[in-house]
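> One structure is given below, represented as structure tokens, and several questions about it will come after.
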Amino acid sequence: QVQVVESGGDLVQPGGSLKLSCAVTGSITGVFGMGWYRQPPGAQRELVATTTTSGITKYADSVKGRFTIEIDNVNNKVYLQMNRLKPEDTADYYCLADLQTTLVPTTTRYWGQGTQVTVSA
């Protein structure tokens, strides 16, 4: 069984910074990529940033230059450093992991439960 657990969500003022963390545990045999999506209030879930284990990254245009994704391949963790936060960054942030396990040997995407980020004065 795979567990994807996010942490780090908080209330922060506009212009501030926040760092989200995500850890993946379980009977994992291979991780191929990790990343973050977000779901603003009343809106659909959208891409924030993803990375492969070799470091190929992809960012949403709205966060380029402000957010940085970093993967820790040894510990199966991924981080999202968010700087110069804006009110429109307010959302539930979800971590994803593309991986294989002993029970499911095909590459499958797993999701966390989400962590809330609120940007407000």
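The values are calculated or read from the model by the stated rules, or taken from the named source; none is laboratory data. These figures come from a predicted structure and were not determined experimentally. Glycine gets a Cβ as well: all are built from the backbone with ideal geometry, and neighbour counts include every protein chain shown. Surface accessibility is based on the protein's heavy atoms, side chains included, excluding ligands, DNA and RNA. Shrake-Rupley method; radii C 1.70, N 1.55, O 1.52, S 1.80 Å.
> Restricting to the stretch 57-69, and then to whatever is open to solvent by 70 Å² or more (accessible area, probe 1.4 Å) and outside any loop (DSSP other than H, G, I, E, B), can you tell me which residue is farthest from LEU85 (Cα to Cα)? Quick ask: steps written out before the conclusion?
So the first thing to find is which residues in the stretch 57-69 are open to solvent by 70 Å² or more (accessible area, probe 1.4 Å), and the list is 58, 61, 64, 68.
Those left that are additionally outside any loop (DSSP other than H, G, I, E, B): 58, 68.
Values: LYS58: 19, THR68: 12 Å.
Within the stretch 57-69, the match that is farthest from LEU85 (Cα to Cα) is LYS58.
> Please enumerate the residues belonging to the stretch 70-83 that are of a type outside the set (A, V, I, L, M, F, W, C), open to solvent by 50 Å² or more (accessible area, probe 1.4 Å) and without any contact (Cβ under 8 Å) to a residue 24 or more places away in the chain.
GLU70
> Could you grab me the full set of residues in the stretch 84-121 that are open to solvent by 60 Å² or more (accessible area, probe 1.4 Å) and either out of contact with any Ser or Thr (no Cβ under 8 Å at 6 or more places or on another chain) or within 11 Å of VAL4 (Cβ to Cβ) (or both)?
Passing the criteria: LYS86, THR106, THR107, ARG109, TRP111, GLN113, GLN116, ALA121.
> So which strands (runs of 3 or more DSSP E) stay within the stretch 2-56 end to end and still have 3 or more residues that are open to solvent by less than 30 Å² (accessible area, probe 1.4 Å) and of a type outside the set (A, V, I, L, M, F, W, C)? Talk me through it step by step, then tell me what you get.
Values: elements: 3-7, 18-25, 28-39, 46-52.
In the stretch 2-56, the matching strands (runs of 3 or more DSSP E) lie at 28-39.
> Which residue out of TYR37, TYR110, TYR59 is of a type in the set (Phe, Trp, Tyr), under 14 Å from ALA23 (Cα atoms) and in contact with a strand residue (DSSP E or B) (Cβ under 9 Å, 6 or more places away or on another chain)?
Going through TYR37, TYR110, TYR59 in turn, the sole match is TYR110.
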